1. Would you pick out the residues in the stretch 290-300 that are surrounded by 15 or more Cβ atoms within 10 Å (Cβ to Cβ) and more than 7 Å from the ligand (Cβ to nearest atom)?
2. Against the condition of a type in the set (G, A, S), open to solvent by 30 Å² or more (accessible area, probe 1.4 Å), more than 22 Å from G141 (Cβ to Cβ) and touching a helix residue (DSSP H, G or I) at 6+ places or on another chain (Cβ under 9 Å), how does G66 come out, does it pass?
3. When you go through (1) surrounded by fewer than 17 Cβ atoms within 10 Å (Cβ to Cβ); (2) within 12 Å of the ligand (Cβ to nearest atom); (3) part of a helix (DSSP H, G or I) one by one for R287, which number turns out not to apply?
4. For the stretch 186-205, give me each residue that is basic (K, R) and assigned to a helix (DSSP H, G or I).
5. List every residue pair whose Cβ atoms lie under 7 Å apart, where the two residues are 6 or more positions apart in sequence or sit on different chains, the first residue falls within the stretch 225-248 and is open to solvent by 40 Å² or more (accessible area, probe 1.4 Å), and the second residue, located anywhere, is β-branched (V, I, T).
6. Considering (1) more than 14 Å from the ligand (Cβ to nearest atom); (2) open to solvent by 20 Å² or more (accessible area, probe 1.4 Å); (3) of a type outside the set (A, V, I, L, M), say which one G315 fails and leave the rest.
7. Out of all the residues in the stretch 217-264, which are of a type outside the set (G, A, S), outside any loop (DSSP other than H, G, I, E, B) and within 12 Å of the ligand (Cβ to nearest atom)?
8. Would you mind telling me which numbered condition in (1) part of a helix (DSSP H, G or I); (2) over 22 Å from the mean Cα position of the chain (by Cα) L274 fails?
Amino acid sequence: MTSAQTTHIIGLGSIGSFVAHSLRSLPNPPSVTLLVHRSNLYEELASKGWKLGLRLGENGDLQEEGEFDAEMLGESSDSHPIYNLIVAVKASATVSALEPIRHRLGSHSTICLFQNGLGQVEDLNKRMFPDISTRPTYIFGIMRHGVYLRSSTEVVLASSNGCAAVGIVRNEEFSSRPSQPQFLLDVLLKSPVLRCEKMEWPHLLREQLLKLAANCVLNPLTALLDVRNGDIKDNRDLWPLHCRLLKEISMVYGKLPELQNLPRDLAHFSVELLENVLLDTINKTARNSSSMREDIRKGRETEIEYINGWIVRRGRELGIDCVANESITQLVLAKSHQDGRDKNFQIWKAK
Ligand SMILES: CC(C)(CO)C(=O)C(=O)O
């Protein structure tokens, strides 16, 4: 049984588990239901008494929070409506992850996406909620905390100076929807560990676009060269490529219809500004191994279609040829499919 005060969380990687823990550690915690895809994770949570642990710093004490509810997706025949949903799966897995609970979502729901990249809302609307009247309200979240999983039920928060931002996505059909996004916003904003601020949509969109520009350079290059973020700055041979990628991105941003009516300080994205954001991101995350490099190393699908791929698609709509972003997208796709192809080739050769 769920109520309008229950928060569901799907995607129990580092971000999803961190948010789940933050909500349950509030003084009057909301009820939180974890939506689990893997039976081994479900069994592990059960064996730990439905608790998740958070360590503040690598060697900090383990703080456990419990009384989570959990549902094993695919096996649960639950048809109760879901009012508040936090999505922390990879951008490329959003639609498939939400498929088993699609019948429980609708205009009564608020969906908060804590993900890299852009284009997920358009995907959800097209593939899951084509009827405008049944669409949920979306909140987009930007996570600036360094978190990683030490085990499937233990998260490490690398430092206490990270922060997060959330804002309600305003699009053409956003009007008076029956969902109550305030509940989810309030619980997210209350958590002292999350350090989450609320931003009005044009400001959050600007932050997302700036973050996306840095991701468009850092993520594919670290993945293709198999290096840490800091190495991208030190390798001078890459500089002309950074510049070409950012020039295309600046041109696309300059023509985005959703920015046309905004004041200049919100809609202006010069190449110099994007370069500064890129350098600042590299300096702050120099020792990080980017999420795309990790995806490639672990043989997982990357988010390239929602990072450089988004720039290429929007560029195409606006008549801007994004040759550098398109080439780098193809290279990352080729690299991530390489192992599979090698295996197929071996099988083919063996026949
Ligand atoms: C900023 C950066 C590149 C940090 O590693 C990131 O967002 C990612 O890895 O996806």
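The values are calculated or read from the model by the stated rules, or taken from the named source; none is laboratory data. Keep in mind that what you see is a predicted model, and the values were worked out from it rather than measured. Here the Cβ positions follow ideal geometry from the backbone for every residue, glycine too, while neighbour counts run over all protein chains shown. Just so you know, the surface numbers come from the protein's heavy atoms only, side chains and all, with ligands and any DNA or RNA stripped out. Shrake-Rupley method; radii C 1.70, N 1.55, O 1.52, S 1.80 Å.
1. Residues satisfying the conditions are R293, E294, D295, I296, R300.
2. Numbers: of a type in the set (G, A, S): yes; open to solvent by 30 Å² or more (accessible area, probe 1.4 Å): no; more than 22 Å from G141 (Cβ to Cβ): yes; touching a helix residue (DSSP H, G or I) at 6+ places or on another chain (Cβ under 9 Å): yes.
When the stated conditions are applied, G66 does not pass them.
3. Here R287 meets the rest and fails (3).
4. Answer for the stretch 186-205, where residues must be basic (K, R) and assigned to a helix (DSSP H, G or I): just K190.
5. Close Cβ pairs (under 7 Å, with a partner that is β-branched (V, I, T)) amount to R228/T222; K233/I282; K247/V271.
6. Here G315 clears every test but (2).
7. Correct list: V217, L218, N219, P220, L221, T222, I232.
8. For L274, the failing item is (2).
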